[in-house]
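The values are calculated or read from the model by the stated rules, or taken from the named source; none is laboratory data. These numbers come from a predicted model, not from an experiment. A quick note on method: Cβ atoms are made from the backbone with ideal geometry, for glycine too, and the neighbour counts reach across all protein chains shown. We work out accessible area using only protein heavy atoms, side chains counted, and drop any ligands, DNA or RNA first. Shrake-Rupley method; radii C 1.70, N 1.55, O 1.52, S 1.80 Å.
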Amino acid sequence: MCLTIPAKVVSVENSCAGLPVKRITIRDSKGEKTINALPADIRAGDWVLYASDMAVEKISEDDAREILELLEPKRYIDISRLDSAFLEILKACHTRELRREEIIRLLCIGDDAETNALLSEANTIRQARLRDFFCIHGIIEFSNHCVRNCLYCGLRRDSKDIRRYRMAPDEIVNSVYDAVNRRGYKLIVLQSGDDFFYTDDMLCGIIRKIKEKCRVFIFMSVGERSRASYEKMKDAGANGVLFRFETSNKALYSSIHPGQSHDERIALLREMKKMGYFIATGFLIGLPGQTVEDIADDIITTKSIGANMVSVGPFIPSDITPLALHPAGSAAMTLKVTAVSRLLMPKAKIPVTTALETIENEEGRRLGLSSGANSLMFNLTPEKYRDDYRIYPNKYHGKEEFWEKYGLYKEEISYKMLERKMFEAFESFEV
Ligand code: 5AD
């Protein structure tokens with residue numbers, strides 16, 4: 001579902017009898033415009049939420065201001081204090097690809113004024129390119145079994161002290177129905193460890209059943225499977241994949257992913273792209289020995305794969321893994337990476353990841369959304385399993401109701417809007 005933008009109603013036209021919608025003029029930070037309105041009882045002075053050219057509901061002035069503050073933060077930037085070479089880079093991103101050294105320069109910022117300018121530039125690009133395309137997506141973590149042994153992950157094969165679970169196919173399907181039909185979600189990620197208990201037929205059966213009963217975009221996040229598996233899931237109706245390459249540094253990759261091949265992972269992602277999947281990929285920030293050059297390469301790799309969604313989060317130590325004592329990735333770097341990703345990939349979806357929220361809580365959401373990110377991903381795993389999907393401890397949950405109230409309007413128009421926006425933004429993306 002897409003989060004709508006608040007605006008104040010300036011005037012309401014007398015509607016012609018029989019017409020289902022009214023015409024209203026609204027004012028927001030970009031000026032005034034006349035749009036259609038669904039709610040029947042709109043008056044001048046009211047606040048509404050609108051998306052594209054449709055006001056979808058009335059809201060209170062307090063709520064409108066709270067949302068506006070989140071989406072349109074005021075940062076004071078004194079340009080005269082900024083280094084001219086730095087400003088050149090911010091300007092250059094509008095007309096050409098940034099070079100690796102320029103990306104590194106941006107990621108190395110330590111100065112508050114430059115940081116503010118970078119985050120603000122990313123926010124301006126997000127506003128200009130994707131103004132009303134804020135979305136809330138859901139993730140259902142259906143199994144925490146995993147055959148891999150990644151050193152950073154609490155679900156790794158060698159984690160003996162966790163309670164493993166698997167949701168039955170019908171339970172998964174019903175959780176999606178509930179998220180879509182009752183709560184209004186339009187895009188759901190189905191995630192698990194690399195768990196081959198679920199055969200291709202089972203996963204395809206789940207996807208088909210969901211698609212038969214509700215209109216929803218399904219993203220699979222089920223790890224490294226064969227190309228044939230991904231082809232079958234695409235045929236069954238899966239729309240996207242969420243599959244991070246974790247790091248572009250091959251030596252680092254090998255050191256933390258025993259028995260896995262970096263080349264194969266990247267090759268699989270490229271195949272998925274060719275199959276027509278919407279690609280959500282990215283990496284971890286703060287891995288042992290990771291350098292700022294590595295992070296620049298991570299961003300470049302994400303773009304070169306043709307990512308439609310950039311998924312980047314800080315590493316968070318889990319006490320049951322070999323990296324228990326390694327410090328967490330930095331929130332400040334995560335925000336810079338979010339901003340630089342927006343500079344390089346102006347149309348991509350960039351969610352605020354749960355890992356950033358876990359480090360910074362609600363502030364993480366606010367900071368992420370004002371630094372180039374444009375979506376949130378809420379955890380919809382049934383309560384009884386949630387604590388056991390412990391990739392890392394103390395995952396953040398909070399204020400979901402506030403966001404759902406303004407981001408999840410259930411009507412068909414909401415799905416249509418997302419469909420259209422996805423199509424516009426990604427041209428070749430088919431539903
Ligand atoms: N901290 C942060 N993110 C993690 N992931 C796995 N373990 C951790 C951790 N300790 C991320 C990986 C994986 C995604 C499902 O979770 O990037 O792709």
- [ ] Answer yes if at least one residue in the range 80-94 is within 29 Å of V21 (Cα to Cα) and within 24 Å of the chain's Cα centre (by Cα), and no otherwise.
- [x] no
Open item on the list: Name the single residue that is surrounded by the most Cβ atoms within 10 Å (Cβ to Cβ) among those in the range 339-394 being among the acidic types (D, E) and within 16 Å of the ligand (Cβ to nearest atom).
Closed with: E357
TODO: Filter the range 270-303 down to the residues that are within 16 Å of the ligand (Cβ to nearest atom) and of a type in the set (S, T, N, Q), then identify the one that is nearest to H257 (Cα to Cα).
DONE: Q290
- [ ] Could you list all residues from the range 124-135 that are open to solvent by 10 Å² or more (accessible area, probe 1.4 Å), modelled with pLDDT of 85 or more and not hydrophobic (A, V, I, L, M, F, W, C)?
- [x] T124
- [ ] Just name the residue that is farthest from R156 (Cα to Cα) out of those in the range 304-338 that are within 16 Å of the ligand (Cβ to nearest atom) and free of Cβ contacts under 8 Å to residues at least 24 places away in the same chain.
- [x] L325
Task: Pairs where the first residue, in the range 151-178, is touching a residue at least 12 places away in the same chain (Cβ under 8 Å) and open to solvent by less than 50 Å² (accessible area, probe 1.4 Å) and the second is within 16 Å of the ligand (Cβ to nearest atom) and in a helix (DSSP H, G or I), C-beta under 9 Å, 6+ apart - done: L151/S255; L151/I256; Y152/I256; Y165/Y385; M167/Y385
Task: Residue count, the range 256-269 (criterion: within 15 Å of the ligand (Cβ to nearest atom) and within 17 Å of N149 (Cα to Cα)) - done: 6
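Could you tell me which of the residues F197, F217 is of a type outside the set (G, A, S), in contact with a Ser or Thr (Cβ under 9 Å, 6 or more places away or on another chain) and either away from the ligand (no atom under 15 Å from the Cβ) or assigned by TED's automatic domain parsing to the domain that holds A355 (or both)?
Sole residue among the options that is of a type outside the set (G, A, S), in contact with a Ser or Thr (Cβ under 9 Å, 6 or more places away or on another chain) and either away from the ligand (no atom under 15 Å from the Cβ) or assigned by TED's automatic domain parsing to the domain that holds A355 (or both): F197.
Yes or no, residue by residue, for (1) more than 15 Å from the chain's Cα centre (by Cα); (2) among the aromatic types (F, W, Y); (3) at pLDDT below 90; (4) assigned by TED's automatic domain parsing to the domain that holds K186:
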{"residue": "V337", "(1), (2), (3), (4)": "no, no, no, yes"}
{"residue": "V340", "(1), (2), (3), (4)": "yes, no, no, yes"}
{"residue": "L343", "(1), (2), (3), (4)": "yes, no, no, yes"}
{"residue": "P346", "(1), (2), (3), (4)": "no, no, no, yes"}
{"residue": "T354", "(1), (2), (3), (4)": "no, no, yes, yes"}
{"residue": "I359", "(1), (2), (3), (4)": "yes, no, yes, yes"}
{"residue": "Y389", "(1), (2), (3), (4)": "yes, yes, no, yes"}
{"residue": "P393", "(1), (2), (3), (4)": "yes, no, yes, yes"}
- [ ] Within the range 179-210, count every residue that is of a type in the set (K, R), open to solvent by less than 60 Å² (accessible area, probe 1.4 Å) and over 24 Å from P351 (Cα atoms).
- [x] 0
- [ ] Please find, among R96, R105, R75, the residue that is open to solvent by 30 Å² or more (accessible area, probe 1.4 Å), modelled with pLDDT of 95 or more and in a loop (DSSP other than H, G, I, E, B).
- [x] R96
Open item on the list: Going residue by residue through the range 226-239, is there one that turns out to be within 16 Å of the ligand (Cβ to nearest atom), of a type in the set (G, A, S) and touching a residue at least 12 places away in the same chain (Cβ under 8 Å)?
Closed with: no
